Amino acid sequence: MYKHFETVKFIQYKICYYRYMAVSSLCQYRRKYFINLMNIEKRRLKELLEKKRRTEHEKINLTRQREFTLEELAEYSGAGGKPAYVAINGVVYDVSLNSAWGGGTHFGLYSGKDLTSEFAGCHKANAEIINNLVKVGRLKI
């Protein structure tokens, strides 16, 4: 699909159309087909809105970026209502909103630490995954 058509309004229009086609279909297989198409568009809409929210959140945080010591970073472990931050390659990221980091933990790793070596060991082949995280500052060395 063309990039300029990937707007929220256009995806919402497609969801409404697929919903109408599913409701008006007499054949159960055709109904399921349009329901599946509708669910795909709902997921795309959710991803698009999440990406937009993440971008806006990152723009706000650009002005608030600061330098963290390891002691300061340890305070952001996700406990007690505080956000969960991790440092990777000297950059501090907010993982609070990332579903893989529920409760400030991720496969036995805890937030509030420098996880550079752990990240390199686990995500070496998929290093662009870090681009989905929100930058909040730098790690003081």
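Structural remarks
- Annotation note: Cβ proximity below 6 Å between a residue of the stretch 72-96 that is free of Cβ contacts under 8 Å to residues at least 60 places away in the same chain and a residue that is of a type in the set (Ser, Thr, Tyr) and assigned to a helix (DSSP H, G or I) (sequence gap 6+ or interchain) occurs for Ile88/Thr116; Asn89/Thr116.
- Enumeration of residues in the stretch 47-82 that are among the acidic types (Asp, Glu) and at pLDDT 75 or above: Glu47, Glu50, Glu67, Glu71, Glu72, Glu75
- Test result for His123, exposed (fewer than 14 other Cβ atoms within 10 Å of the Cβ) and modelled with pLDDT under 75: yes
- Counted residues, the stretch 2-52 - those being part of a helix (DSSP H, G or I), surrounded by fewer than 12 Cβ atoms within 10 Å (Cβ to Cβ) and over 28 Å from the mean Cα position of the chain (by Cα): 4
The values are calculated or read from the model by the stated rules, or taken from the named source; none is laboratory data. Treat the numbers as computed from the prediction; the structure is a model and nothing was measured. So basically every Cβ, Gly included, is an ideal-geometry build from the backbone, and we count neighbours across all protein chains shown.
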